[in-house]
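Asker: Structure provided below as structure tokens; questions to follow.
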Amino acid sequence: MSARILPVLGAIAAFIGSFAIAQSPSSADGWPERNVRIITSFPAGTGGDVSARLYAERLALRWGKPVIVENKPGADGIIAVTAVIGARDNHTLLYTNGGPITTNAYSHDKLPYDAARDLAPISSGADVSIAVSIPASLKIDSLAGFVAFARTQPGKLNWGATPGALDYVAPGFFKAAGLDLTRVSYREIAPALQDLAEARIHLYVSALASQLGMVKSGNVRVLAITNRERSGLIPEVPTTAEAGFTDLAFEGFLGFFGPKDMPRELLDRIGADIRAAGADPSINERLLSGGLIARTNTAAEFAAIIERERAKVAAFAPAVDAKAKP
């Protein structure tokens, strides 16, 4: 074969190869190939479960395949996380709050996963409005008023919170504010709210939705919302930042994750579809009634939110456990 022909053939082969690569489908093309599962750490009927199902309905319409929500509550979200990591099928997603992602490393001596190593953030789905509340009988109408009152009662007041990051954020706030309150733990929220209404505990921090009944009955007063925005359900109540207590600022996010080894282009495709679904005004209308706010973002934006919460928990962990990891 002529020496002059060989370079021409090589150029043709290179062109054909590059054309084939450009035309070859990515892992996101043709996806999903079958049903998609969203595994959630929330029990059926809770706000987190409801929000997962709202997204599942709209994603199923976009993807042309059923999107099935599977509830795997318990063990602080560990069951749900390990189920997603172990699936390895590119058709299983995680929908959870921040606890399994940012807090479990401090509250459990040993975990079967590393959130940063094993999970890839995709997008937020919703923010949970978190309420800082007191018994109405205390006759205090501001967070500053409660702080001033608590400083006169060292060791005499009790507090509670739903388990998770608040186990660290609230004590960190108390320490910064110079308060001495005694923690009372509850397995279920109903007894906690009953004790709050009857002033057996004097401060409680949890999802606003869980407190609305007691708030409407006049037995419980919400002093502040920890989120960056006020709640549309009680717009007159300020955020903790507006009240001057940024140490108690906290975003209660719910979000979507995939296994770390899920192809990047597929994660991006899923994230774009979640953002499109979240833009539907009807989703926010339905979530608001449950004390949630529809919130979607890019993977990078979501990762930044997670990192801020992780850093806050890490900073406050020593206030709870002297042996907490730095």
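Asker: In percent, what relative contact order does the chain have, based on Cα pairs under 8 Å that are 6 or more apart in sequence?
Answerer: Values: 560 pairs, mean separation 78.1, N = 326.
For the chain, the relative contact order is 24 percent.
Asker: Return the calculated 222 nm mean residue ellipticity for the chain, to the nearest 500 deg cm²/dmol, obtained by summing -39500 (n - 2.57) across DSSP H runs with n ≥ 4 and dividing by the residue count.
Answerer: Numbers: 12 runs with 139 residues, N = 326.
About -13000 deg cm²/dmol.
Asker: By DSSP, what percent of the beta bridges with both residues in the chain are antiparallel, rounded to the nearest 5?
Answerer: On the way: 24 of 40 bridges.
Expressed as a percentage, antiparallel bridges in the chain total about 60.
Asker: May I pose another question? Quick one: with all protein chains in place, what share of the accessible area of the range 198-249 is carbon or sulfur, to the nearest percent (1.4 Å probe)?
Answerer: On the way: 1090 of 2190 Å².
With neighbouring chains kept in place, the figure for the range 198-249 is 50 percent.
Asker: Related question: Out of these labelled values of semi-axes √(5λ) of the Cα gyration tensor in Å, [x] 28, 26, 19; [y] 31, 22, 20; [z] 46, 21, 17, which was calculated from the coordinates shown here?
Answerer: [z]
Asker: Rank these residues by their accessible area, most exposed first, probe 1.4 Å: L166, L111. Intermediate results must be reported in sequence, preceding the final value.
Answerer: Working: L166 10, L111 45 Å².
Order by accessible area, largest first: L111, L166.
Asker: Under the Kirkwood approximation for Rh and a Cα-based Rg, what ratio Rg/Rh is obtained for the range 46-145? Walk me through the numbers on the way to the answer.
Answerer: Numbers: Rg = 17.6 Å, Rh = 16.2 Å.
With Rg and the Kirkwood Rh in hand, the quotient comes to 1.09.
Asker: With the contact rule set at Cα under 8 Å and sequence spacing of 6 or more, what percent relative contact order holds for the range 143-271?
Answerer: Values: 140 pairs, mean separation 28.1, N = 129.
The normalised contact order for the range 143-271 reaches 22 percent.
Asker: Taking the highest mean first, how do the peptides 204-212, 277-285 order by number of other beta carbon atoms within 10 angstrom per residue?
Answerer: Working: 204-212: 23.2, 277-285: 15.2.
Top of the packing list down: 204-212, 277-285.
Asker: In whole percent, what relative contact order does the range 117-198 give with Cα contacts below 8 Å and a gap of six or more residues? Working shown, then result.
Answerer: Details: 49 pairs, mean separation 28.0, N = 82.
Here the relative contact order equals 34 percent.
Asker: Put T246, T239, T82 in order of accessible area, largest first, 1.4 Å probe: what do you get?
Answerer: Details: T246 90, T239 5, T82 55 Å².
So the residues, ranked largest to smallest area, are T246, T82, T239.
Asker: Turning to a different aspect of this structure: Keeping to pairs on different chains or 8 or more places apart, tell me how many lysine pairs in the chain have Cα atoms under 19 Å apart.
Answerer: 10
Asker: For the range 164-283, what is the accessible area per residue in Å², given a 1.4 Å probe and the full set of protein chains? Spell out each step's value before the answer.
Answerer: Values: 4900 Å² over 120 residues.
Counting only protein heavy atoms, the per-residue value for the range 164-283 is 41 Å².
The values are calculated or read from the model by the stated rules, or taken from the named source; none is laboratory data. Worth saying up front: this structure is predicted, and the values here are computed from it rather than measured. For neighbour counting, all protein chains shown are included, and Cβ atoms are generated from backbone atoms with ideal geometry for every residue, glycine included. The area values use the complete protein model at the heavy-atom level, side chains included, leaving out ligands, DNA and RNA. Shrake-Rupley method; radii C 1.70, N 1.55, O 1.52, S 1.80 Å.
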